[in-house]
Amino acid sequence: MATIDQRATAATRARYDRLARFYDLMERGAERRFGPWRAALWRRVRGPRVLEVGVGTGKNMAYYLRGMAIVAVDLSPRMLERARTRAAREGVAVDLREADVQALPFPDASFDTVVATFVFCSVPDPVLGLRELRRVLVPGGQLLLLEHVLSRRLLLRRLMHLANPLVVRISGANINRETVDNVRRAGFVDLSVEDLWLDIVKLIQAKVPA
Ligand SMILES: C[S@@+](CC[C@H](N)C(=O)[O-])C[C@H]1O[C@@H](n2cnc3c(N)ncnc32)[C@H](O)[C@@H]1O
């Protein structure tokens, strides 16, 4: 059984705790482009029980669907604090909790859909996290991800590998993750992958075997 890299996980938590104050400002420009992608993802959500992992400051809350019971978790208490403020300000009904996607505090088969947007670039062991999502989903349940991944274009691929250590230091995100392969490795099936920007930003939909 895989074990959690506690040191890397603590470093990720500390990094997002530090970034929390600036996160919305840093992402303001990009969010104009991300908004329609988030909307496209949430149109595919099927409830009633929905889990969002890596909720961050709560940028998806504007797209939450009425009538669904949404639980949202994050590793970073400071990011979560911002999400709580946003939920209160915007009157969003959501159960916010501090939790690590690599070891979720939910029984097996608790949710119909799990959503994560721009999260698996920073989870220390993404396959371990994705396996946890498979565990907490019902058989036939769906996973919806919005993620940036490593390009297949040779030159770009090399550049992304080269730039990765610096990008991680600045933003906490790895730009060289192979998330589509990781979703398969975690045991999901029926993958549908849509390229949203080049072959880098993708909307990934997958299912737990029924
Ligand atoms: C780039 S931010 C994305 C936030 C939000 N999903 C969005 O779309 O704006 C990544 C988030 O994932 C969270 N995260 C990273 N590793 C995590 C883990 N192991 N478990 C839960 N959340 C994690 C970080 O704390 C951070 O809030």
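Close amide H partners of residue 72, meaning residues 5 or more places away or on another chain with modelled amide H under 5 Å apart, are 52, 95, 96, 97. Enclosing the Cα atoms of the chain in their convex hull gives a volume equal to 117 cubic angstrom per residue.
List the residues whose amide H sits under 5 Å from the amide H of residue 149, counting only those 5 or more places along or on another chain, with H placed 1.01 Å from N in the peptide plane. HN-HN under 5 Å from residue 149: 201, 202. The HN-Hα couplings worked out from phi for the stretch 41-48 by the Karplus form 6.51 cos²θ - 1.76 cosθ + 1.60 (θ = phi - 60°) are 5, 5, 5, 8, 5, 10, x, x Hz, whole numbers, x standing for Gly and Pro.
Normalised by residue number, the volume inside the convex hull of the Cα atoms of the stretch 37-125 is 92 Å³ per residue. Normalising the average separation of contacting C-alpha pairs (under 8 angstrom, six or more residues apart) by the number of residues puts the relative contact order of the stretch 6-207 at 19 percent. In order along the stretch 145-159, the Karplus-derived 3J(HN,Hα) couplings, from 6.51 cos²θ - 1.76 cosθ + 1.60 at θ = phi - 60°, round to 10, 10, 9, 9, 10, 5, 6, 8, 6, 3, 5, 4, 4, 4, 4 Hz, and Gly and Pro are given as x.
When each of the peptides 120-131, 37-48 is scored by the mean number of other C-beta atoms lying within 10 Å of its residues, the order from highest to lowest reads 120-131, 37-48. Dividing the summed helix terms, -39500 (n - 2.57) for each DSSP H run of n ≥ 4, by the number of residues in the chain produces a 222 nm estimate of -13500 deg cm²/dmol to the nearest 500.
Quick note: the coordinates plus some simple rules give every number you see, no bench work behind them. Quantities reported herein were computed from a predicted structural model and do not represent experimental measurements. Cβ sites come from the backbone with ideal geometry, for glycine too, and all protein chains shown count toward neighbours.
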